[in-house]
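Structure, as structure tokens:
The values are calculated or read from the model by the stated rules, or taken from the named source; none is laboratory data. If you're wondering where the values come from, they're calculated on a predicted model, not measured in any experiment. As a convention, Cβ positions derive from the backbone with ideal geometry for all residues, glycine included, and neighbour counts pool all protein chains shown.
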Amino acid sequence: MAAMTAAQKRKIRNWMERKAKEEGYDLDWLKGQIEAAGQAMIDELNTAPVKSAVSSAIDTATSPLVLTNPEKKKLGVIVYAILGEQDDA
Amino acid sequence: MATHRMSILGAGSKPDASGDVFFEPFSVKATAAVFDPMVLIFNDSGNEDDFHGSFVVPENYVGSANFYMKWVSTATTGEFRVEFLYRAIADTEDGDPATAQETVTSDETVDGTALDINTTTMALTDGNFAAGDVVQFILRRDGADVADDMGAAAIILAAMFQYDDA
């Protein structure tokens, strides 16, 4: 899986720092830990079984329309953000 | 003999061009912020970030030179790698030096409670200073060093030159 760039790692750290401040919880992780967590999620979501399962679920929902992979990826970005807003996420 | 501390943050000090070192109101990152002074921020950038300044060594300077700093963070774990680079310049010496005279470094562990005060003291070489010297300095967060693992901004409340008189 593609390793995050330094800029991407920074984006994750700074986002988590801002959220900890805004939502009032302790920032009790180290740089390397939060970067590793982000990388682990990227790696997991990039595995063939996960991508295949998600793609199939989209195909089933839109049938007979089949979205292109770039369209599915764009959909995934906004859906993941919405998932984060839901209480049971 | 008494110990003195003088602020080295002033009108002559300035951040580098990174955009990751700047002054902002404490209330941006503080929670209660009843007291809301301007504070100096070193972001968690992952890079070396510098803050530049200068001061004049007081006339009653004798020795025991130290860099002294009070700082906080919203992080509750990790280390902030602080570096202080300087050159003390006497009259008729080059006022535009190309190198630092001394660099001191410390890996400072943040307090386990967010926004609790941390104190950093780093000894400087006494003999480098003489009363009346102009001291040009860089205060640095070396976020590129593996030792700097604190995942939040360092918030500088005070940076001072500490010394003893006669």
- Message: I'd like to know if segment A:43-53 contains one or more residues that are assigned to a helix (DSSP H, G or I), within 27 Å of residue B:75 (Cβ to Cβ) and touching a residue at least 40 places away in the same chain (Cβ under 8 Å).
- Response: yes
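Any idea which of B:99, B:119, B:92, B:74 is on the phi > 0 side of the Ramachandran plot and of a type outside the set (Asp, Glu)? I'd like the intermediate steps shown before the answer.
Values: B:99 fails: on the phi > 0 side of the Ramachandran plot; B:119 fails: on the phi > 0 side of the Ramachandran plot; B:74 fails: on the phi > 0 side of the Ramachandran plot.
On inspection, the qualifying residue turns out to be B:92.
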- Item | Selection from segment A:27-70 of residues that are more than 30 Å from residue B:154 (Cα to Cα) and among the charged types (D, E, K, R) | A:43, A:44, A:51, A:59
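Filter segment A:20-40 down to residues that are more than 10 Å from chain B (Cβ to nearest Cβ) and surrounded by 12 or more Cβ atoms within 10 Å (Cβ to Cβ) and give me whichever is farthest from residue B:150 (Cα to Cα). Explain how you work it out, then say what you get.
Residues of segment A:20-40 more than 10 Å from chain B (Cβ to nearest Cβ): A:22-23, A:36-40.
From what is left, the residues that are surrounded by 12 or more Cβ atoms within 10 Å (Cβ to Cβ) are A:36-39.
Values: A:36: 14, A:37: 16, A:38: 16, A:39: 18 Å.
Only one residue tops the list, namely A:39.
Are any of the residues in segment A:68-80 under 17 Å from residue B:150 (Cα atoms) and either in contact with a His (Cβ under 8 Å, 6 or more places away or on another chain) or in a helix (DSSP H, G or I) (or both)? Give the steps one after another, and end with the answer.
Step one: of segment A:68-80, the residues under 17 Å from residue B:150 (Cα atoms) are none.
Checking segment A:68-80: not a single residue is under 17 Å from residue B:150 (Cα atoms) and either in contact with a His (Cβ under 8 Å, 6 or more places away or on another chain) or in a helix (DSSP H, G or I) (or both).
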- With B:69, B:122 as the choices, which residue is at pLDDT 95 or above and surrounded by 21 or more Cβ atoms within 10 Å (Cβ to Cβ)? B:69
- Query: What tally of residues in segment B:25-52 results from selecting those that are polar (S, T, N, Q) and within 17 Å of residue B:150 (Cα to Cα)?
  - Reply: 3
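Which one of these is more than 14 Å from chain A (Cβ to nearest Cβ), part of a strand (DSSP E or B), of a type in the set (Phe, Trp, Tyr) and within 11 Å of the chain's Cα centre (by Cα): B:163, B:68?
B:68
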